[in-house]
Amino acid sequence: MLSRLLWGVAGVAGTLLAVSVVSFLLVALLPGDLALLILADAATPERVAALRAQLGLDQPLAVRYVQWLGNVLSGNLGYAIHSGESTLDVILSRLPVTLELIFLTQLVALGVAIPLGIWSAYRRGSAIDTTTLVGCLCLLSTPAFVIGLVLIYVFALNLQWLPATGFVSLGEGIGGNLESMVLPVVSLALIEVPVYLRLLRSEMIGTLQQNFIALARGMGLPTWRILLENALRPSSLNLITVVGINMGRLMGGAIIVEQMFALPGVGQLLVESIYQQEYLMTQGIVLFVATMFIFINLLTDLVYVLVDPRLQRDGEH
């Protein structure tokens, strides 16, 4: 377990270094003068010169990177040019919304996909299995924003059961918070469900053909116990991988849904920073999201050991 953790940390360190270089070059290599791009119509020779000196644009590229990396390692992702706010503070103020969206999306998606995937594998070839697979194909071919528009039309405009846009924080009430999150969560979850369901179904079909499953049946164990205790666990490793990757992807990939439903999350912040030409904040957001994605993948790798202790024993040999 310790060696696995050390190798994971070493890999994360190398990946983070590469991500930092890409994030830095994302802004450093913009065509034209960055100071002019930021100041736009407010640019004067004096202000441009002052901003260039403030950002260190008069330094060689390598020196600028080292200085920027030192600031990042100390927790300073830069400041918004127009408001003067700390990039890290702004990201952290928006992060709870995105994390709640990701958590609820995965909870709903897994809550639907796991039981349906198990039942489809157990009843392979049945009418339920066929219907489920057809539904998965339909959902896989439908973008999240299309599902979101349909949900808004049906449940917000026609039935008026749920709000179309807006966000209510947990501090303002749990009921209002969950009500404001239903449509965006369902919009994303319906895209995740077919991926998880088909993967788990495929793994479960293979597992149910193993000898230890036949032994469990010969021992007279009830079907539900065989499916949940004997078959689900060894069939869930690939599912954990995909869930981990999707959680990292949703950190920055829920931009359209956050914009559509006016959720003040990190995705919406990224769009706002681009529109407002806050390039330094955009740089900080990209680095933060990429870092979160990497650490989520490391955590996913460690969860493997908890799900399948054989991996821990393999690492000790």
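Coordinate-derived values only; no laboratory data. For clarity, every value in this text was computed on a predicted model and none was experimentally measured. Here the Cβ is made from the backbone with ideal geometry for all residues, glycine too, and neighbour counts use every protein chain on show.
Of all residues being touching a Phe, Trp or Tyr at 6+ places or on another chain (Cβ under 8 Å) and within 21 Å of residue 106 (Cβ to Cβ) in the stretch 146-166, which is surrounded by the most Cβ atoms within 10 Å (Cβ to Cβ)? Just the residue, please. The extreme case among them is 148. Considering (1) closer than 30 Å to residue 282 by Cβ; (2) of a type outside the set (S, T, N, Q); (3) touching a residue at least 12 places away in the same chain (Cβ under 8 Å), the lone condition that residue 70 does not fulfil carries the number (3).
Beta carbons closer than 7 Å, at least 6 apart along the sequence or on distinct chains, pair a first residue in the stretch 118-146 that is acidic (Asp, Glu) with a second that is surrounded by 15 or more Cβ atoms within 10 Å (Cβ to Cβ) and assigned to a helix (DSSP H, G or I) for 129/120. Selection of the stretch 256-278 for residues being more than 29 Å from residue 241 (Cβ to Cβ) and either surrounded by 20 or more Cβ atoms within 10 Å (Cβ to Cβ) or touching a Phe, Trp or Tyr at 6+ places or on another chain (Cβ under 8 Å) (or both) yields 262, 264, 273, 278.
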